[in-house]
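Reviewing the structure listed below.
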Amino acid sequence: MGFVGGRVRRDDEILGLETGAGVAAAAARMFDLAGPLRGVLHGTSLWNAGAGMLTTLAINEHSPSCHHDFFALNYLRASADAIITTGKILRCEPQLVHCLAGPGQQSEALADYRRRILGKTTPPVTLVLTSGEGLDLEHPVLHSWTRPLVYTTHDGHWALDSRAADCGVEVIADTEPSLQRAITLLRREFGAATIVIEAGPSTSRQLYEPPAVDHLLLSLFQGPKLPAQAEGGHFSTFSRLRTQFAQATEGSAISTPDGDWFFQRFSR
Ligand SMILES: NC(=O)c1ccc[n+]([C@@H]2O[C@H](COP(=O)([O-])OP(=O)(O)OC[C@H]3O[C@@H](n4cnc5c(N)ncnc54)[C@H](OP(=O)(O)O)[C@@H]3O)[C@@H](O)[C@H]2O)c1
């Protein structure tokens, strides 16, 4: 992997977005987009651990921070008809919500992008893939802007359903829940055309065997070191991604006080 074209931009160049048109232009610059993305979208923040090995960043106070990476996450949420997360992420990220967020006017700009450019007038579904064991039904992601849905086994449904109904969370059971079947469910039952995967590496890797992701938006931290607490599971390698996707953009580079980042899109 190498960054070949363009200049290294400063991270604070993304601050100050005020309109949906500004959001579209910023995303187009980062990921070489000709227009809105549809299909199954996977955004992930990784660390280049060397020799093309891509390690997922665990999201916590030890992870390197980057305004462009946060924007990429929120750009995908703004594009989504449905967002898929997991029970484990809810446990790892107790403050997680799927609201459109960002510094300054960015959340209003993202909402403007969603409403005026994409024409979406309702919030996305948040689907939590889980066995149901230890699921906190009071978790804020189930009680924010999006429509909450727990997708689980029949045992999980049995354990959760009456309490879930009391707090306004829908539960759907399946004999054999999986990420791929969650996508099918969201398309079939919820009419979702744009589905954003926020699952961690152990679950999202299943979507690459064979590839079922239409667009992978990759935020790659290039710093030489990562705190151990920020190191998540192995995701993939550059050489493998190049065999799985027909198109890879040249990429764009951003400098931050923590180190440089690289943003690239892989598309089928
Ligand atoms: N850098 C990034 O872009 C990024 C993105 C997302 C997450 N993360 C980080 O990744 C870490 C979590 O990733 P992970 O790979 O360890 O876990 P994960 O893949 O997110 O979640 C695993 C969990 O998903 C649920 N699950 C998966 N398959 C299932 C199935 N077939 N049936 C029922 N439930 C199923 C189970 O939840 P239950 O345990 O509830 O049963 C399982 O424990 C966190 O540290 C998070 O911060 C990073």
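If I take every Cα pair under 8 Å that is 6 or more residues apart in the chain, average their sequence separation and divide by the length, what percent do I get for the relative contact order?
32
If you take every DSSP beta bridge fully contained in the chain, what fraction is antiparallel? Give it as a percent rounded to 5.
Here the antiparallel bridges make up roughly 40 percent for the chain.
Can you compute the radius of gyration and Dmax for the stretch 1-119, using only the Cα atoms, both in Å?
Calculated on Cα positions, Rg and Dmax stand at 15.0, 43 Å.
Sort 79-89, 97-107, 201-211 by the packing proxy (mean of other Cβ within 10 Å over each peptide's residues), most packed first.
79-89, 97-107, 201-211
When the expected Rg is taken as 2.2 N^0.38 Å, what fraction or multiple of it is the alpha-carbon Rg of the stretch 131-268?
In units of the globular-protein estimate, the stretch 131-268 measures up at 1.27.
Rounding to the nearest 20 debye, state how big the charge dipole of the chain is about its Cα centre with +1 on each Lys and Arg Cβ and -1 on each Asp and Glu Cβ.
840
Using the scaling law 2.2 N^0.38 Å as the reference, what is the normalised Cα Rg of the stretch 119-163?
1.26
Lys/Arg Cβ at +1, Asp/Glu Cβ at -1, dipole of the stretch 124-232 taken about the Cα centre: which of ALA199, VAL141, LEU129 is farthest positive-ward?
Farthest along the dipole direction, towards plus: ALA199.
Give, in whole angstrom and from largest to smallest, the semi-axes √(5λ) of the equivalent ellipsoid of the chain, with λ running over the eigenvalues of the Cα gyration tensor.
Ellipsoid semi-axes (Å, largest first): 29, 21, 18.
Just round it to a whole percent: the fraction of Cα-Cα distances in the stretch 88-146 exceeding 13 Å.
66
Please label the shape of the stretch 111-187 as rounded, prolate or oblate, based on the square roots a ≥ b ≥ c of the eigenvalues of the alpha-carbon gyration tensor (a/c under 1.5 means rounded; beyond that, a/b larger than b/c means prolate, else oblate).
It is oblate, given that a/c is not under 1.5 and a/b is not larger than b/c.
Would you calculate a helix-derived [θ] at 222 nm for the chain, using -39,500 (n - 2.57) for each DSSP H run of n ≥ 4 and dividing by the full residue count, to the nearest 500?
So the helix-based figure for the chain works out to -8000 deg cm²/dmol.
Every number in this text was worked out from the coordinates using simple rules, so none of it is lab data. Owing to the predicted nature of the structure, the values given are computational and were not obtained by experimental measurement. When we count neighbours, we look across all protein chains shown, and the Cβ atoms used for this are built from the backbone with ideal geometry, even at glycine.
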